[in-house]
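Quick notes on the structure that follows.
Quick note: the coordinates plus some simple rules give every number you see, no bench work behind them. Predicted model only: the values in this text are computed from it and were never measured. Using ideal geometry, Cβ is built from the backbone for each residue, glycine included, and neighbour counts are taken over all protein chains shown.
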Amino acid sequence: MQSIKIISFFGISIGLVLNSGCGGPKAYTDGKYDDPTQVRLLDDRFNEADMQQMSETIVKAMVACPEVRNAKKPPVVIVERVQNRTEDHIDMLSMTNKIQTALIKTRKVKFVNKSQRDTLEEEYQYNESGYVSGPTQKKRGNQIGADYILSGSLSTNVQEVGEKKLIYYKITMNLTNMDTSVIDCTEDYELRKEYDKQRI
């Protein structure tokens, strides 16, 4: 009877060890910094390398557009979030911000901060409250109107044939003239990635 209990105890112990090794959350250790500009296709999802390639192409095209390149002063732009027309969960705010930041750094365009309009209105009201000294008060009526709206979308198409999987992405960006509603500048960028299925 005693030997049966001992065997049962060891059996349970071994089972617990095996379960702890095979199941439960895994911890990643021994981390290191990596170069974000290096392309690493660890899976078939949209990644930062895709975003970088797309944003660089769009920025170069917009800056080279005659209406922007030949403008006497940098056009003022409102940016709309890039639309996600794929079936993937993609951080489109990050994509939009990346394009906007790169364009600002060229000094060829300026952006109106549309997302902060409510905060600006609150500040105008506070400036009118009497708490702010006269010379430093900010008043309504001095904002700069936008010349263009920058907008666009990201689409995709997935093909699976045999052991191959092809993922096609296309981003299209338009610079729409606020006065005429005409698209003065447009650019798209296509990206296709190929994967081989792995047998488990």
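Listing for the model above:
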item: Per-residue Cβ neighbour rank within 10 angstrom, fewest leading, 46, 111; result: 111, 46
item: Residues residue 155 and residue 69, FRET efficiency given R0 of 30 Å [Cβ-Cβ distance, rounded to 0.05]; result: 0.60
item: Residue-wise HN-Hα coupling along segment 182-198, computed from phi with Karplus coefficients 6.51, -1.76, 1.60 (Hz; x: Gly, Pro); result: 7, 7, 7, 9, 8, 7, 10, 9, 10, 9, 10, 10, 10, 10, 9, 5, 9
item: Spin-label zone in segment 90-123 - amide nitrogen under 15 Å from a point set 7 Å from the Cα of residue 137 along the C-beta vector; result: 123
item: Percent of Cα pairs exceeding the 22 Å cut-off, where the set is segment 44-196; result: 51
